[in-house]
Every structure is written in structure tokens, then in C-alpha cells.
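Visitor: Can you keep this structure in mind? I'll have questions shortly.
The values are calculated or read from the model by the stated rules, or taken from the named source; none is laboratory data. It should be emphasised that the depicted structure is a prediction, and the values quoted were computed from it without experimental measurement. Virtual Cβ from ideal backbone geometry, glycine too; neighbours counted across all protein chains shown. Ligands, DNA and RNA are excluded from the accessible area calculation, which covers all protein heavy atoms including side chains. Shrake-Rupley method; radii C 1.70, N 1.55, O 1.52, S 1.80 Å.
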Amino acid sequence: VRLVQNYLMPYTLVANDSKKASFLSLAVSTRNDTLSYIWADLYLKIVTDFYKETKIVKTKELRDLIKHRVDSLKRELYRTQSQAARYADQNQQIIVQEGLIEQQRLQTNSGQLQGMYFEAMKNLDNLNFSMAKETPLLSIIDDAELPISAEPDPTKKGIIIGSIVGLLLAIIYVAFKESLREINNK
């Protein structure tokens, strides 16, 4: 791969067509049009992938952090809900209001954790969508095209037909002159 890259880099030109514009053009000119096309396409893909990876590094770190928070909130929510259910099952006959305080605390904690969990899930989804919409550094405005097969030049066609007709007329002339000479000699 490195050998191919070293061979093709001198034939690759990335330039700014206009000093005022921010557009760059990529041109690859080798003897083989197909090789030039494939190299230009591969070059753009590699640069675009590299750009995406370096641009979203911080976003990925943030996503991992939020994912860890979502997971820990989910574990804590499930633990608190289980505690609240166990406490309610164990103390169904409580009449004194003081005994209900722990049950209310667990329910309140469960509700708060549920809100925090849903908010963290929403943030994680938004971050995933924003990562999917990251724009690449390069946008292809005018794609490269392989050249169309060359059609014969009309002047070449005329020269070939004229040469054949001329050759036939010369043969007929020579044959006719030889025939006349033989007739005259007899």
C-alpha cells in the first residue's frame, strides 16, 4: 500500500483554484485513467474518514461519559424501586405516620432517579444523532469521470475512404491502359 501511495503521490495535485474561494480541487493524472479515478476516490475516502475520526474524538468521549451515567442511573433506579417495593411489602400494616416516611423517601428518590434517567437517555440520543450528522471535510462537487472511448476523427475516415477509392481508380486506370496498349500492338 505504501509503495502504491509513494508512486501515485507525485501525480496527485491538491490545489486551491482561486485565492478567494475555500474550495480545493484534487487532480490525479497518470497514464491509466482507471488508476487515476480509483486513486482519487480512495484518497478522498481516506482523508474524509481521518477527518471524521479526529473531529468527533471529544464527542465520542462525551458520549461514553453520558452512557456510563445512563447505566449507573439505571442501576440505581432499579435498586431504589426494588427497595421501595420491599419496604412497602414488609410494612403494609403501618398505622403510624412516622413509619411511612421511609417509604415516601424511597418513592421520592425513585421518582427523581427516573427523571434523571430519562433526561440522560434523551441527552445520549441527541448526542448520537449529532455524531451521525457530522459533516466531512470534503464534499464532492464535481465527480471525476473516466474518458469516453475515442471516436474516429471524421477527417481520418475521409482520408481512408479517399485512399481506397484512389487506389481502385489507379488500378482501373493501369489495367485500362495496359488493355489499350495490347489492343494497339495487335
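Visitor: As an exercise, take the mean of 1/r over every pair of distinct alpha carbons in the chain, invert it, and state the Kirkwood radius in angstroms. Could the numbers behind the result be given before it?
Guide: On the way: mean 1/r = 0.0388 Å⁻¹.
It is 25.8 Å.
Visitor: Let me ask something else. Which of the lysines could a cross-linker span from K60 if the Cα-Cα distance has to be under 23 Å and same-chain partners fewer than 8 positions apart are dropped?
Guide: K45, K52, K74, K122, K133
Visitor: Considering Cα pairs under 8 angstrom that are at least six residues apart, work out the relative contact order of the stretch 1-133 and quote it in whole percent. Please list the in-between numbers first.
Guide: Numbers: 71 pairs, mean separation 26.9, N = 133.
Relative contact order of the stretch 1-133: 20 percent.
Visitor: Going 7 Å from the Cα of M116 in the Cα-to-Cβ direction, what parts of the stretch 63-85 have a backbone nitrogen less than 17 Å from that spot?
Guide: 65-84
Visitor: May I ask you to compute the full-extension gain from T12 to V47, defined as 0.36 nm times their residue separation minus their alpha-carbon distance, rounded to one decimal in nm? Each step should come with its number before you reach the end.
Guide: Numbers: separation 35, 0.36 × 35 = 12.60 nm, distance 1.36 nm.
Contour length minus Cα-Cα distance gives 11.2 nm.
Visitor: Next up: Compute the distance in nm between two label points, each set 7 Å from the Cα along the Cα-to-Cβ direction, one at A85 and one at D142.
Guide: 6.7 nm
Visitor: With axes computed from alpha carbons, what is the tilt in degrees of helix 154-185 against the longest principal axis of the chain, rounded to the nearest 10 within 0 to 90?
Guide: The two axes meet at around 20 degrees.
Visitor: Please report the accessible area of R86 (heavy atoms, 1.4 Å probe, ligands and nucleic acids excluded) in Å², nearest 10.
Guide: Only protein atoms counted, so the area is about 130 Å².
Visitor: Of I164, F50, F118, which is farthest on the positive side of the dipole of the chain, counting Cα position, with +1 on Lys and Arg Cβ, -1 on Asp and Glu Cβ, and the Cα centre as origin?
Guide: With unit charges placed on the Cβ atoms, the residue in question is I164.
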